[in-house]
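> Sharing a structure with you now.
The values are calculated or read from the model by the stated rules, or taken from the named source; none is laboratory data. As the structure is a computational prediction, the values presented were derived from the model and not from experiment. Here Cβ is always computed from backbone atoms with ideal geometry, including for glycine, and neighbour counts include all displayed protein chains. Surface areas here come from the heavy atoms of the whole protein model, side chains and all, with no ligands, DNA or RNA. Shrake-Rupley method; radii C 1.70, N 1.55, O 1.52, S 1.80 Å.
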Amino acid sequence: QVQLVESGGGLVQAGGSLRLSCAASGSIVRINVQGWYRQAPGKQRELVATITYGGSIDYADSVKGRFTISRDNAKNTVYLQMNSLKPEETGVYYCNANVKTSWALVSRDYWGQGTQVTVSS
C-alpha cells in the first residue's frame, strides 16, 4: 500500500503565500507523476500542477507565474509553493501520485487526504 501525507495548509490573507508538502511512503519503486489538485466548495476537483519523475511540469493557466511545483525524488515528496493567493483559491488541496509499487504489475494513482487552504479577503 502507498500513503500520501499532505501538510502546509492553513489560513492566509489574500496576496499571501503558503507551501504545501506531500510525502509518499510504502512499497514504492518509482513515482511517475506527482501533482496537486484542489476542490472549492460546491465545485469539481481541478488540476493545479503536475510534475513528472524527469521534471516536466504542467500548470493550470490560473496559477502560472504564482505557483511553483517541485519534487525531491529521493524523499518521494512533492511541494507546491503558492504565492499571491486569491480568495477564490480557497478549498481542499489534494496530493496525487502515479506510483509503481513493488507488488503491482502496473502503476496506479493514489490520493492524499487533502489539506484545507483558506484565503481571506
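> Residue 85 versus (1) within 14 Å of the chain's Cα centre (by Cα); (2) open to solvent by less than 30 Å² (accessible area, probe 1.4 Å): which is the lone unmet condition?
(1)
> Which of the residues belonging to the stretch 1-35 are within 12 Å of the chain's Cα centre (by Cα) and under 11 Å from residue 115 (Cα atoms)? Walk me through it before giving the result.
Filtering the stretch 1-35 for residues within 12 Å of the chain's Cα centre (by Cα) gives 4-9, 19-24, 33-35.
Within the stretch 1-35, 5, 6, 7, 8, 9, 20, 21, 22 meet the criteria.
> Which pairs turn up if I take residues in the stretch 60-73 that are under 16 Å from residue 17 (Cα atoms) and hydroxyl-bearing (Ser, Thr, Tyr) and look for partners that are open to solvent by 70 Å² or more (accessible area, probe 1.4 Å) and in a loop (DSSP other than H, G, I, E, B) with beta carbon separation below 9 Å, at least 6 apart in sequence or on another chain?
Here the result reads 62/86, each pair linking the stretch 60-73 to a residue that is open to solvent by 70 Å² or more (accessible area, probe 1.4 Å) and in a loop (DSSP other than H, G, I, E, B).
> Out of the residues in the stretch 99-121 that are outside any loop (DSSP other than H, G, I, E, B) and of a type in the set (S, T, N, Q), state the one that is surrounded by the most Cβ atoms within 10 Å (Cβ to Cβ). Quick ask: steps written out before the conclusion?
Of the residues in the stretch 99-121, the ones outside any loop (DSSP other than H, G, I, E, B) are 99-101, 108-111, 115-120.
Remaining after also requiring of a type in the set (S, T, N, Q): 101, 115-116, 118, 120.
On the way: 101: 17, 115: 21, 116: 12, 118: 16, 120: 11.
Filtering first and then ranking leaves 115.
> Residue by residue through the stretch 1-44, note down the ones that are of a type in the set (Phe, Trp, Tyr) and without any contact (Cβ under 8 Å) to a residue 60 or more places away in the chain.
Taking the stretch 1-44 first, the residues of a type in the set (Phe, Trp, Tyr) are 36-37.
The one that is of a type in the set (Phe, Trp, Tyr) and without any contact (Cβ under 8 Å) to a residue 60 or more places away in the chain: 37.
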